Each structure stands twice: as structure tokens, then as C-alpha cells.
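Novice: This is the structure, below, for whatever I ask next.
The values are calculated or read from the model by the stated rules, or taken from the named source; none is laboratory data. All values reported here derive from a predicted model rather than from experimental measurement. Heads up, the Cβs are rebuilt from the backbone with ideal geometry, glycines too, and the neighbour counts pull from every protein chain shown.
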Amino acid sequence: MAKQRGSSEAQGLFVKAGAPVIPDGEAPPGHLGHRARLRARFLKGGVEAVADYELLELLLFAIPRLDTKPLAKALIARFGSFAGVLVAPPEALRTVPGVGEAVVVALKVAHAAALKLASAEVRDAPVLDAWGKLINYLHAALAREPVEHARVLYLDAKNRLKADEAHGRGTVNHAPLYPREIVRRALELQATGLILVHNHPSGDPTPSRADIELTREMREAAAFFGITLHDHVIVGNGCVVSFRQLGLL
């Protein structure tokens, strides 16, 4: 006969050998009671019912610890927000006392899952018809990166996304984008449209003179092969600039 599960396990608490058994109807002690109450509040009220550090606590509950609240608060204090924690580089996360490999992996998996969800929103429809969703994805992917990253979105004849590829990781104020390489890759993919993307780690997405010149060169190189440069998007912190909307394309 299968052993009947105890009530504490049914409530989602992992009972180890030697751990005290909590009678039905009684609150678990200490940090376990805090975890149970926080879970219940989140399940009832959703993300609006918890603070950023509490949302981070919920994520870290998967890691065996006596108390995740101090660690969650320390991470928020160090990186400024829940999103800032998720996008922080592993080496920066490890500088926070109490952060080991398990914490780093949990945070980076959560970040990757968020990006997967955001990117799925733009993969099955014409990109130019789902512009808001595309901007949300690009902002999630690049807004808080500490150095410039350059990406190119390759589109088919119906403006559906064929590929989203990184084309360079640069410095705090420069990321390499080479028109010849981008056109060659577009021809390999049989893409007929392009969207250039890069971020400004300063948070200000205002195009620089170099950004404007690169866009002009890219448009001319692509047009020679019948490829359309639809836009060049610069991602800042909390804001995004479109060259087309600015009249620069």
C-alpha cells in the first residue's frame, strides 16, 4: 500500500527526515510560515500583491535556504529592481554575499524564460503588424545590458521573422555592425527585410552621428540586393527610438 502523504507535504512544504511534523490547522514555524503566507498572497492577488523583493523571494524558494528575504533585499538593493536582478551578469551576481551557483542559475533561467515568452509573441505574426510586442521583446532583451549589443532581425517576404541574430557585443558606447556581413547573411537566409537593433547602456536612446551614418550605409548596401531596411531601433532604459518614426529612414 502506498504511503499516505502528510498534510505539510500537501501544502507544498518539503519535509526532511527529522523535521518536526506540523499538525493540521497550525501555521509552520519561522521562515516556513513566512513562505506559506507569501505563496498564498501571491496566488490570491498575483504579481500586484507582492513587492519586487517578495517576487524575488518566491523565485528563490526553490533553493534550500533558512531565509531568502535578506538575500532578496540585498539583490534588489544592489541591482535596483527585480528586472535588474534578472539581467545582471553572473559575475556581478556573485559579488552579493550569499549568492552561489544555484542562485545564479535560478535567476538566469528565469531571465531566459521571460525572453522566450516575449520572443514567442513576435514569431508567428508579421513583425511590422506586431510592433508593440516586438518593442517589448527588444526592451526585455537589451534595456539593462551594461555594454552595447547589436542584433539584426531578418524578415521574409511577408515580414515574418526568419532569424534574430546577435552581430556583436561591444563597449559601453559602441557595438560593431558591418553592412557587408549583414547583407551576406540576409542572402544566405533568403531574407527580404531587415531591422537593425542595438542598445545604449547610458539609457538615452538618442541616435548618435555614427548611428545615423551606419543606418544610411546599411540601407544603401541592402537596397543594392533588393533587401529593405525597415528600421533601426535603439533601446534605452525604459524607452525605445525608431529611426523610421524619427524620419531618419
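Novice: How many of the residues in region 87-100 are surrounded by 10 or more Cβ atoms within 10 Å (Cβ to Cβ) and either under 16 Å from the mean Cα position of the chain (by Cα) or closer than 22 Å to A114 by Cα (or both)?
Specialist: Total meeting the criteria: 9.
Novice: Could you please find all residues in region 179-216 being touching a helix residue (DSSP H, G or I) at 6+ places or on another chain (Cβ under 9 Å), over 23 Å from W131 (Cβ atoms) and surrounded by 15 or more Cβ atoms within 10 Å (Cβ to Cβ)?
Specialist: Correct list: P179, V183.
Novice: Taking region 76-113, which residues are over 18 Å from F61 (Cβ atoms) and aliphatic (A, V, I, L, M)?
Specialist: So in region 76-113, the residues over 18 Å from F61 (Cβ atoms) come out as 77-81, 83-84, 87-92, 94-95, 97, 112.
Correct list: A77, A83, V87, A88, A92, A112.
Novice: Scan region 136-150 and give yes if some residue there is part of a strand (DSSP E or B) and surrounded by 16 or more Cβ atoms within 10 Å (Cβ to Cβ), otherwise no. Break it down into steps so the answer makes sense when it comes.
Specialist: Restricting attention to region 136-150, the residues satisfying the condition of being part of a strand (DSSP E or B) are 149-150.
With the extra rule that they be surrounded by 16 or more Cβ atoms within 10 Å (Cβ to Cβ), the set shrinks to 149-150.
Yes - at least one qualifying residue is present in region 136-150.
Novice: Quick one: how many residues across region 15-61 are out of contact with any Pro (no Cβ under 7 Å at 6 or more places or on another chain) and modelled with pLDDT under 50? Write out each step before concluding.
Specialist: Narrowing region 15-61 to residues out of contact with any Pro (no Cβ under 7 Å at 6 or more places or on another chain): 15-21, 23-35, 37-61.
From the residues that got through so far, the ones that are modelled with pLDDT under 50 too are 15-21, 23-29.
Number satisfying all stated conditions: 14.
Novice: Please go through (1) surrounded by fewer than 17 Cβ atoms within 10 Å (Cβ to Cβ); (2) more than 25 Å from K158 (Cβ to Cβ) for R123 and return the number of the only condition it doesn't satisfy.
Specialist: (2)
Here's the yes/no breakdown for (1) in contact with a strand residue (DSSP E or B) (Cβ under 7 Å, 6 or more places away or on another chain); (2) within 20 Å of Q245 (Cβ to Cβ); (3) modelled with pLDDT of 95 or more; (4) in a loop (DSSP other than H, G, I, E, B):
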| residue | (1), (2), (3), (4) |
| --- | --- |
| A191 | yes, no, yes, yes |
| L194 | yes, yes, yes, no |
| S202 | no, no, no, yes |
| L214 | no, yes, no, no |
| G226 | no, no, yes, yes |
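Novice: Here's something else I'd like to know. Return the residue satisfying two criteria in turn: it lies in region 60-86 and is within 18 Å of A113 (Cα to Cα) and touching a Ser or Thr at 6+ places or on another chain (Cβ under 9 Å), and of such residues it is surrounded by the most Cβ atoms within 10 Å (Cβ to Cβ).
Specialist: L60
Novice: List, please: which pairs have Cβ atoms under 8 Å, are six or more places apart or on different chains, and start with a residue in region 99-120 that is basic (K, R) and end with one that is surrounded by fewer than 17 Cβ atoms within 10 Å (Cβ to Cβ) and not in a helix (DSSP H, G or I)?
Specialist: Pairs found: none.
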